[in-house]
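Here, each number is a calculation from the coordinates, and none is a lab measurement. Keep in mind the model is a prediction, meaning the values are calculated, not measured. Heads up, the Cβs are rebuilt from the backbone with ideal geometry, glycines too, and the neighbour counts pull from every protein chain shown.
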């Protein structure tokens, strides 16, 4: 049995991979456990439940192969297993750093034919002795070769067996390790599902409450609408932007414009608010302020109202910057802002410029 180092490595890897895979699959077939590894956590402590790599079929094979290579490496380094019967054939002629393909594992002695043709009676005895020694040597080499091949074969079987046992045990170890925290993870999964269901239920509850508040406003039941919004802000979500906006609408319809403006201005500091909702708040502040100061139309002298007009203009510009569609509402009969259309006749055309700007 002769092969070079490359062939030896190829055969060795193939045997270990096959054995480890077979052992891992056998362990997976006899067990009903899941084979999962937790992913490394790079999230904050209050993030979602831990995520996993599910080993699956490929992962089980990989775990078995890795376990097989590790086990054989440990056995070899500890001297508990001798694999030289398979490795010596590959490295025998490389021990001195050179490869001799003509003499590799070839120790057979050949007797020249000329020795027999030139033989005489005087040296016949010596020739017979030489022949006997050579034949014995060649027979011994042949027996050693057969014995070495047998040893190599059974060594490969031993490596294959070790690989199967290692793969079987390695995947079993993964299963045991997972079982230690599977209860905790199942609890975390259930807890996460409960949180998700709660969020869905809470959103549904909020939507129902907001719709009820809108209906109460439509029925001029402003105090009841305000109570519904307060209940959302107190018990469900303290910074719910739409609940604040609907409450401000109820206050404005009830004639409490200053309270509505104050409520909306305090809500502008909320960070988790969509741009459309923030735009609507700026818009409503401008509308409510216009109703407070110009419900009877623009005064004859605008000098005393420059600051108020500047605040209204600022809110309108911010609203349009956040939601360009609001620009279309400026010239179309918005009751609270229609009075500003006459500003151009007083030498101030910023309202008309907002309408015309592209």
Given Cα positions, please report Rg to Rh for segment 308-347, the hydrodynamic radius being the Kirkwood one. 0.97
Which of the peptides 5-16, 305-316 is most tightly packed, and how do the rest follow, going by the mean number of other Cβ atoms within 10 Å of each residue? 305-316, 5-16
Separation in nanometres of the label points that stand 7 Å from Cα toward Cβ, at residue 305 and residue 253: 2.7
Using the scaling law 2.2 N^0.38 Å as the reference, what is the normalised Cα Rg of segment 232-320? 1.15
Provide Rg over Rh for segment 199-355; use the alpha carbon set for both Rg and the Kirkwood Rh (inverse mean inverse pair distance). 1.01
Under the rule rounded for a/c under 1.5, else prolate if a/b exceeds b/c, else oblate, using alpha carbon gyration tensor axes a ≥ b ≥ c, segment 201-281 is classed as oblate
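In whole percent, what relative contact order does segment 263-333 give with Cα contacts below 8 Å and a gap of six or more residues?
44
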Alpha-carbon Debye profile of segment 280-358, log10 I(q)/I(0) at 0.25 Å⁻¹: -1.38
